[in-house]
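Just below is one structure, and these are the notes that go with it.
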Amino acid sequence: MKPQSRVPTALCEMPRRRLLLGGLAFGSMSLLASHALTNTPKASDITDFLILSEFLTGRKNLSVILARRYYLGLQEQFPDLTIRIANLSRDIHASGAQTMDDYLTHGPTPEARSTATTVVSAWYLGVIGQDPKKQMIAYSDALMFQAVAGAIVVPSYGAGPLAWGNRPKPYMTFKEESDEQ
């Protein structure tokens, strides 16, 4: 007598619901993986964005990690971001401007000005997009805090001893136990 294998019968014994859920999970994972692969920017796109950002902000040595995060976030908001960045870069090179101020006196097109404003505001505010799709990318690393780094501490969520406002009054107080008993 030939021993029977359990493999073919194991699939038959598996409940249909479990098999269906497993197939659904596998299918959704493959869909998400393919979506992630198609939205991965090229390294040259990030580099172009970083070079443009350094020109627009007038800052050198911007964070590559933040540049990648800003680029990915802006790409979600503006699917044509690569084209907008290429057009802005081409416009800057055509103007011969050495600084952002020189470029602004050249008189950029409305589309170029809009793209430049979007990129600069992302770096300075640390936030991209408009309501309801607004996303915070950076908080303490936003450029608005670097401009005043020596004078002002980056605000946090808790009020400390040197907070700007008065400490709020407690909404609940505790009675002290009396000495009488």
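The values are calculated or read from the model by the stated rules, or taken from the named source; none is laboratory data. Please read these numbers as outputs of a predicted model, since none were measured by experiment. Ideal geometry is used to build each Cβ from the backbone, glycine not excepted, and the neighbour counts take in all protein chains shown. Just the protein is used for accessible areas: all its heavy atoms, side chains included, with ligands, DNA and RNA removed. Shrake-Rupley method; radii C 1.70, N 1.55, O 1.52, S 1.80 Å.
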Compute the distance in nm between two label points, each set 7 Å from the Cα along the Cα-to-Cβ direction, one at R90 and one at T47.
2.1 nm
Once the whole set of protein chains is in place, how much accessible area is left on F55, using a 1.4 Å probe, in Å² to the nearest 10?
40 Å²
Probe of 1.4 angstrom, ligands and nucleic acids ignored: what's the accessible area per residue over segment 81-125, in square angstrom?
55 Å²
By how many nm would the segment from S63 to V120 lengthen if fully extended, with 0.36 nm per residue of separation less the alpha-carbon distance?
19.1 nm
When the accessible area of segment 61-147 is split by element with a 1.4 Å probe, what percent falls to carbon and sulfur?
55 percent
Mind checking the full-extension length gain between T82 and K169? Use 0.36 nm per residue of separation minus the Cα-Cα distance, one decimal, nm.
26.2 nm
How big is the accessible area of E76 in square angstrom, nearest 10, if you roll a 1.4 angstrom probe over the protein chains?
130 Å²
The simple spin-label model distance between V154 and R17, using points 7 Å out along Cα→Cβ, in nm, is 4.9 nm
